[in-house]
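A short reminder: the numbers here are calculations on the coordinates, not readings from a lab. Everything numeric here is computed off the predicted structure, so don't read it as measured data. All Cβ positions, glycine included, derive from the backbone under ideal geometry; neighbour counts span all protein chains shown.
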Amino acid sequence: MSDGQSVNIIWLIGGIILVLSALFARRPSLGAIIRSLIGWAIVAGLAYMVVDHRDQLADLAARIGLSDQKVEGGTTRIRMSPDGHFWARVQLNGVERRMLIDSGATITALSQRTADAAGIEISDGGFPVMLNTANGTVMAKRATIKKLQLGNLEANDLNAVVSDRFGNLDVVGMNFLSQLGSWRVEGSTLILEPDQSEASDATNAATPS
């Protein structure tokens, strides 16, 4: 059992004891205690379902127009999530994932599950990368993402690292953000702008002299 699971179990036991203590202090009937416990169990079950199916709920919100991510003109806007972070819907080689945008991460990082699903190429040569994370030092493999799309933004042959120690977390790092024309936070919205110079170069190259 991991330390995180142990802490969750301790909090759960503590919560149950607190609820039972409050109930017995009021000396309710046995029926009232049972109804109260059932009510708490339903609330806990609903909370667990929301957390466990958060990705599916995010997809549903996008389909009915409640998306936190929108493309307006040439700009991609992402609203801050209730947890205080910016989460983006990203296509990795055509496979969609919900990824955390982290300006504190030097390089884009993928879970092993995501890398396998998207067919991410793991580099054969070179030494593994040692990364300092909130859970300690993690050894990760170097990889290359052929195509990453975020809204109207795109990066090809993007360097990344892959590790099963990331769990289910996938992160868009600074090596993607640094390729943009600009990025900034206004209020509770992250604004991502494409590099206009690349578009101008492509237009000029396509225009006959």
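Some notes on this structure:
- Net charge of neighbours whose Cβ lies under 14 Å from the Cβ of M130, counting Lys and Arg as +1 and Asp and Glu as -1: +3
- When only the Cβ of Lys, Arg, Asp and Glu is charged (+1, +1, -1, -1), the dipole of segment 67-201 relative to its Cα centre reaches about 360 debye.
- Partner lysines for K70 [C-alpha distance under 22 Å; skip if fewer than 8 residues away on the same chain]: K147
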